[in-house]
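Visitor: What follows is a structure written as structure tokens; I'll ask about it next.
The values are calculated or read from the model by the stated rules, or taken from the named source; none is laboratory data. As the structure is a prediction and not an experimental result, all values here were calculated from the model. Neighbour counts run over all protein chains shown; Cβ positions are idealised from the backbone, glycine included. Accessible surface is based on the protein model in full, side chains and every heavy atom, while ligands, DNA and RNA are left aside. Shrake-Rupley method; radii C 1.70, N 1.55, O 1.52, S 1.80 Å.
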Amino acid sequence: ACAFVISFMDLAANFATDDEIAPKLLVAVLSALNNLKSPNGELAHTNGNNVHVARQSWFVEAEYSVLKYLSDIGAGENGRSLILAFAVSLVGRMNVGHEALAYFVFGQQDLFRMGGDQDGSTDLFRSLFLGELSVASRDRKEQLEHSHKLFNKGQLNSLRCTADFSTAANARQERFFLPVGTTWLWNVLSSTITSGEAFGEDQGIKNATGIVIGALSLLVQLEALCPLQVNTGTKLYHLCNVCLFPEEILRDDTIAASLSLLFSQLYGVPCKETNDSVMVRDFIQECFQHSRLSRAKKATEDEATDTDPSLAAEKLLLDDEVRALDDFVGDLCESFIEYGGQYVICARFLRFFFRHDFPTKITKSVAEKLLPILNLLSVEDEARDSLQLSLLQSMKGGLPSVDSSSRDSSALLDVFAAALKKANKLNRQDYFYMLSISFLSRNMASSFQRCECGLEAMKKRLSGVTSAIFYDVVLTSKQLLCDKSGTKESMVGRVIDRCLDDSANFQMQDKETQKLWQWSPSNESATWKMALDLLDSVKDD
């Protein structure tokens, strides 16, 4: 079948100048590519992990013949996004020996050209990969020449996919550029950026900025028109890494706009299933794989000799994944404290880690590290719909008695209560304040319905918060009990309404009300009883 495809594309190329046949052939080939799309619009491909390397090579060569035909004949603007997605997918499945094919792909300027690309960012992006294939080292240059002979009918002494190297490189990853893996385009966003000593620091940052812009531009186009079959959690992890880039890169307006657009495409409105824990699981696994590879490379560079088989990837436990995620989140928080707090997209990414699907250890880590500046997680002039969606994505559900959702863990509730006690800069309009009130009031209302021990735990948990916070938690809990729908959408809506209503502020109540609701060790028992009586009054209503 692969040989037939290759022969057919060679035949089609011979009709490239035929005004009658060429357009029909082009329509037929593009139609065949369109048929590769899955029901959700993603471009399907053969899975290299489940296909023997020799057979996969046949698939690659057959698909390359299709891509070369389309590149030579020119498919116009209408088919360019589909062909770009096809090319990106193809590069991700190439292996050692396919360097000449990859070099051809990255040499196609029109294929990677983006509308409005005035600064040549996609040219910088292409040049990066062309350089990695040809001039990064003598070994790679020799390998590229050998690959050219394999696929261009050159003189060969053997049919091996690797060249006879004259140098003595030890590390496979230094000798060969391929394979780059199916997430190679996303990997550009999680790469390490240095100042570029060969060009000077300013030029190095400028080049890096152009490369990142090129990668983001391509990803924005692909996600909008023809997404690749990569897990959403995997995409979000690599996208999140941009927040770790130097501020000179992060503050670029084009990068900020592309990041915001991609984040909305993946996680915003309209978004994929927001309660899907698989997305978070994929995020954690990709984070672990990335960190493990980084550690392995560092160990090689340090000439580490530890070969304990228990370190094999398949034997690493979930604890290692959480540890890798905690390290990553720690880096993000440090970056946010140093300079990221002034950028909206960084705040949106850090909000992501307050999803109920993440381990409580991670939520606690973010809350504690950002404690002095939790108010910066708020977005100035944020639209209500955007704020509500952000809060909804963190919540597990509404009232468990109504929607059968599970309750939040005591450890998670303690995180929000502890943060409210210590975060002095928070006000009622802040994102984190609303999120905390949502969690705490949900639990208080649920405990009042079903669990006396839960109420006692809540009393201890709230001990030490200000009277204003206690007042908001209790009054919001009453509203939740009054609401017959009990959905999380309704719950979050009520929290937002209350926190944005200045007249509901504790400080705006009359002196008698403020005196009655004083939440302090001296009158804690009386105030708690009054709170329970208020919740109990909902039954009478």
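Visitor: Scanning segment 434-460 for residues that are more than 15 Å from Lys421 (Cβ to Cβ) and charged (D, E, K, R), which turns out surrounded by the fewest Cβ atoms within 10 Å (Cβ to Cβ)?
Guide: The qualifying residue surrounded by the fewest Cβ atoms within 10 Å (Cβ to Cβ) is Glu452.
Visitor: Would you point out which residue out of Leu144, Leu130 is part of a helix (DSSP H, G or I), at negative phi, modelled with pLDDT of 90 or more and in contact with an Asp or Glu (Cβ under 7 Å, 6 or more places away or on another chain)? Let's see the steps before the verdict.
Guide: On the way: Leu130 fails: in contact with an Asp or Glu (Cβ under 7 Å, 6 or more places away or on another chain).
Checking each option against the conditions leaves just Leu144.
Visitor: Restricting attention to segment 249-269, which residues are over 13 Å from the mean Cα position of the chain (by Cα), surrounded by 19 or more Cβ atoms within 10 Å (Cβ to Cβ) and farther than 14 Å from Ile205 by Cβ?
Guide: Ser258 - this is the single residue of segment 249-269 that is over 13 Å from the mean Cα position of the chain (by Cα), surrounded by 19 or more Cβ atoms within 10 Å (Cβ to Cβ) and farther than 14 Å from Ile205 by Cβ.
Visitor: Let me ask another. Can Ser410 be described as under 29 Å from Lys369 (Cβ atoms), surrounded by fewer than 18 Cβ atoms within 10 Å (Cβ to Cβ), in contact (Cβ under 8 Å) with a residue 12 or more places away in the chain and hydroxyl-bearing (Ser, Thr, Tyr)?
Guide: Criteria met by Ser410.
Visitor: On to the next question. Could you count how many residues in segment 224-265 are in a helix (DSSP H, G or I) and either closer than 19 Å to Tyr343 by Cα or modelled with pLDDT under 90 (or both)?
Guide: Selection size over segment 224-265: 28.
Visitor: What pairs come out if I take residues in segment 1-28 that are within 19 Å of Phe59 (Cα to Cα) and among the small types (Gly, Ala, Ser) and pair them with residues that are open to solvent by less than 70 Å² (accessible area, probe 1.4 Å) and part of a helix (DSSP H, G or I) whose C-beta lies under 8 Å away, six or more apart or interchain?
Guide: Ala1/Ala62; Ala3/Ala62; Ala12/Leu25; Ala12/Val29; Ala12/Tyr69
Visitor: For segment 96-112, give me the residue count where each residue is in a loop (DSSP other than H, G, I, E, B) and either of a type in the set (Ser, Thr, Tyr) or crowded, with 17+ Cβ neighbours inside 10 Å (or both). Before you say what the answer is, go through the steps one by one.
Guide: Taking segment 96-112 as the starting set, the residues that turn out to be in a loop (DSSP other than H, G, I, E, B) are 96-98, 107-108.
Then drop every residue that is not either of a type in the set (Ser, Thr, Tyr) or crowded, with 17+ Cβ neighbours inside 10 Å (or both), which leaves 96-98, 108.
Counting residues in segment 96-112 that are in a loop (DSSP other than H, G, I, E, B) and either of a type in the set (Ser, Thr, Tyr) or crowded, with 17+ Cβ neighbours inside 10 Å (or both) gives 4.
Visitor: On the given criteria, is Gln173 at pLDDT below 85, within 30 Å of the chain's Cα centre (by Cα) and in a helix (DSSP H, G or I)?
Guide: Yes, satisfied.
Visitor: Another question, then. Please tell me if Glu380 is under 13 Å from Arg348 (Cα atoms) and open to solvent by 40 Å² or more (accessible area, probe 1.4 Å).
Guide: For Glu380, the condition - under 13 Å from Arg348 (Cα atoms) and open to solvent by 40 Å² or more (accessible area, probe 1.4 Å) - is met.
Visitor: Checking the condition assigned to a helix (DSSP H, G or I) and at pLDDT below 95, which residue from Ser335, Ser386, Ser394 passes?
Guide: Every option except Ser386 fails the conditions.
Visitor: Give the residues of segment 338-350 that are open to solvent by 10 Å² or more (accessible area, probe 1.4 Å), in a helix (DSSP H, G or I) and not hydrophobic (A, V, I, L, M, F, W, C), sorted by residue number.
Guide: Glu338, Gly341, Gln342, Arg348
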